[in-house]
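The values are calculated or read from the model by the stated rules, or taken from the named source; none is laboratory data. These figures come from a predicted structure and were not determined experimentally. A quick note on method: Cβ atoms are made from the backbone with ideal geometry, for glycine too, and the neighbour counts reach across all protein chains shown. For the accessible areas, the whole protein counts, side chains as well, though only heavy atoms, and no ligand, DNA or RNA atoms are used. Shrake-Rupley method; radii C 1.70, N 1.55, O 1.52, S 1.80 Å.
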Amino acid sequence: MTTQRRAPDAARRSQATRRAILTAALDLAGEVGYARLSIEGIAARAGAGKQTIYRWWPSKGAVLFDALLMLSQEDGPEGDGEQLAELPDTGDLEADLKTVLRATVIELNDPRYSEPMRALAVETLLDPALAADFAERLDEPVKELKRRRLRSAQRAGQLSPDVDLDVAIDLIWGTLRGRWLHREGPLTAAFADTVVETALNGLRPRPPGSPTA
């Protein structure tokens, strides 16, 4: 019986240590910035050993990536941190995309998300292994959710059947991300709405007498 109790207890301790490390990484990234973030500082804040961190993660960028995953997925189904939520599909594509992009604006304006995410975006340019991990575990799964929503719109006749969905994703979400990443202007709900309207309505002038919406 004693042996049977130890394994679950050890697993719980391991999970608690992991969460403490990830939380420490997020907190410190917000407090001191990514450039001054260190494995030593994370270990000290979390009350964990450096070797424990290095046993689980190869770099501070990898720690921060898992920390952001933990933060973004805590509110997923069952709170298990494993599932990404489907995009809303009410049958009104424009309204659904505006809902999603407005939520994205709120997230990107939250310093707890934005500063670590901006640091991670830069770090993936310098660390090919981290970039590959990011693409596999987050970027591609999220893109597939977006593709599924746009495919649903195609089936409903709300998008042309020959639209390149990856290009559409870049037009919509890439525009928002570019303004945020490069600090090119304010990130607002109004801007998010304009991005959606422009992407869906297209850039060509409408024939005279055609409806405006």
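Overview of values
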| read-out | value |
| --- | --- |
| Cβ charges +1 (Lys, Arg) and -1 (Asp, Glu), total dipole of the range 126-206, debye | 400 debye |
| The chain: angle of helix 2-32 to the longest principal axis, Cα-based, in degrees nearest 10 | 60 degrees |
| Label point at Asp92 placed 7 Å out along Cα→Cβ; residues across the range 149-177 whose backbone nitrogen lies under 18 Å | 150, 153-154, 156-159 |
| Relative contact order for the range 120-201, counting Cα pairs under 8 Å that sit 6 or more residues apart, in percent | 17 percent |
| Relative contact order (%) - the chain, alpha-carbon pairs under 8 angstrom, separation at least six | 18 percent |
| Rounded percent of accessible protein surface that carbon and sulfur make up, the chain, 1.4 Å probe | 54 percent |
| Unit charges on C-beta of K, R, D, E only; dipole of the chain, Debye | 540 debye |
| Between helix 111-126 and the chain: long-axis angle, C-alpha atoms, 0 to 90°, nearest 10 | 90 degrees |
| Cα-based Lys pair tally, the chain, threshold under 26 Å, eight or more apart or on separate chains | 4 |
| Accessible area of the range 62-191 divided out per residue, in Å², using a probe of 1.4 angstrom | 54 Å² |
| Helical mean residue ellipticity (222 nm; -39500 (n - 2.57) per DSSP H run of 4+; nearest 500) of the chain | -20500 deg cm²/dmol |
| Rough spin-label spacing in nm, given labels placed 7 Å along Cα→Cβ, for Val142 and Met70 | 1.9 nm |
| With Cα atoms, 0 to 90° folded angle of helix 140-155 axis to the chain main axis | 30 degrees |
